[in-house]
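Here's the structure, in structure tokens; my notes come after.
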Amino acid sequence: MESKSQSLVRPRAAYIHIPFCRRRCFYCDFPISVIGERAYGDSAPAICEYVAALLTEIDSTPNLGLPLNTIFFGGGTPSLLSPGQVAQILTQLAQKIGIDPNPEISLEVDPGTFTKSQIQGYQDCGVTRLSLGVQAFQDHLLQACGRFHRVKDIGQAVATIQEIGFENWSLDLISGLPGQSIEDWNDSLTSAIQLNPTHISAYDLVLEPTTVFGKKFHPGQTPLPDDDTTAEMYLLADQVLTSAGYDHYEISNYARPGFRCQHNQVYWRNESYYGFGLGATSYVEHRRLSRPKTRATYYQWLTGLPGHLTAIEPTSQFDRWLETLMLGLRLQDGVNLIELEKEFPQAWVKKLINLTETEPKLKIKTNKIHLTVPDGFLFSNQVLGQIWEIFDESEM
Ligand code: SF4
């Protein structure tokens, strides 16, 4: 087994971006192309062309010697790929980099975009975990968000996932939507629990300036819930989901015991990972590389591989320090102080420990520094603000 310091530089995880959606949701600024109501898998030339580009990128990527133990197909809407296309990508990864015998392979699926045979096909080619983009259990909210699906599609989607026998699946919800009441949010949480997923992600709406919502609404103003209401929604999610046996293991994520998302924990621990596809970022040997965000620029960029990978500068030790804290404090487990001392100057670690004397939302337990749950999670930005202040680069 590789050491912690090895996994910081040599990836065991891969993210694959699938940039196609039926339509664009009003809050979304992800790098995607709207591909219409019917385009799917091998019958859509744009998807075929993109899969071929992904295979080229994987083939041009240097193998750093460790097989993958997590793979995540995110989007976009990865369920617009046929099982055959997913299998092609997995085969290429296995041949080029290698895959562990028991990997976690996640794929995001949207209600209304898949059939039973498709889900069976994903399972047959090695997918072990599905992540279902539900967002809300009220048609008026789904419509207000520009979502493709409706509440009736959610039940059908879950029945299909369960019929095929996916034990490990996650359900996404969003709080703070325009017109969403506390009662709506409570209903969504309890409806989610009734479907019995092993994992629930509960995100707070972020208003991105380029989106329909970003142009139309202002934070904290009607029809968006005000700040007190969104805080109440956050605490309600913690209370309802933890009472139902879900562990609040990350700021926005809850899991039944044994079902934390292994792949996303790689990001939060600031470990390395491969990224493939447009808009994807990779983090390899302390080098962070972001790919172009449109298909045309990505295809152009691919012609310069692998030169791109060697041309980037490693992240500085100070930036890695801040990233490690910003990401690691998202986890209930927090950040291991002994590991920090191995990688960073002792004086920095001591300064961080001293902050726990004045900040009650930052605690130390069995050599790990962590935020309190749920209050520290809710006010994480304030605590991080204090950390940035004491670690002003000019003084380091
Ligand atoms: S389905 Fe997901 S990726 Fe696609 S537009 Fe909606 S939020 Fe964005």
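Consider A192 carefully, then state whether it is among the hydrophobic types (A, V, I, L, M, F, W, C), more than 16 Å from the ligand (Cβ to nearest atom), modelled with pLDDT of 95 or more and open to solvent by 40 Å² or more (accessible area, probe 1.4 Å).
Here the answer is no, as A192 does not meet what is asked.
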When Y122 is evaluated against the numbered criteria (1) within 23 Å of the chain's Cα centre (by Cα); (2) surrounded by fewer than 20 Cβ atoms within 10 Å (Cβ to Cβ), which criterion, by number, is the only one it fails?
(2)
When both residues are 6+ apart or on different chains and their Cβ atoms are under 9 Å apart, which pairs have a first residue that lies in region 144-155 and is of a type in the set (F, W, Y), and a second that is away from the ligand (no atom under 13 Å from the Cβ) and open to solvent by 10 Å² or more (accessible area, probe 1.4 Å)?
F148/E37
Taking region 127-180 and keeping residues outside any helix (DSSP H, G or I), open to solvent by 40 Å² or more (accessible area, probe 1.4 Å) and away from the ligand (no atom under 13 Å from the Cβ) leaves T128, R150, G165, E167, G179
All positions within region 354-375 that are more than 26 Å from Q317 (Cβ to Cβ) and assigned to a helix (DSSP H, G or I):
D375
Yes or no: L289 touching a His at 6+ places or on another chain (Cβ under 8 Å), modelled with pLDDT under 95 and closer than 30 Å to A94 by Cβ?
yes
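List the strands (runs of 3 or more DSSP E) inside region 234-345, counting only whole elements, that have at least 1 residues being in contact with a strand residue (DSSP E or B) (Cβ under 7 Å, 6 or more places away or on another chain) and open to solvent by less than 10 Å² (accessible area, probe 1.4 Å).
Once the strands (runs of 3 or more DSSP E) in region 234-345 are filtered for at least 1 residues that are in contact with a strand residue (DSSP E or B) (Cβ under 7 Å, 6 or more places away or on another chain) and open to solvent by less than 10 Å² (accessible area, probe 1.4 Å), what remains is 247-250, 253-255, 274-276, 281-284.
The values are calculated or read from the model by the stated rules, or taken from the named source; none is laboratory data. Computed from a predicted model, the values in this text were never measured in an experiment. Ideal geometry is used to build each Cβ from the backbone, glycine not excepted, and the neighbour counts take in all protein chains shown. Ligands, DNA and RNA are excluded from the accessible area calculation, which covers all protein heavy atoms including side chains. Shrake-Rupley method; radii C 1.70, N 1.55, O 1.52, S 1.80 Å.
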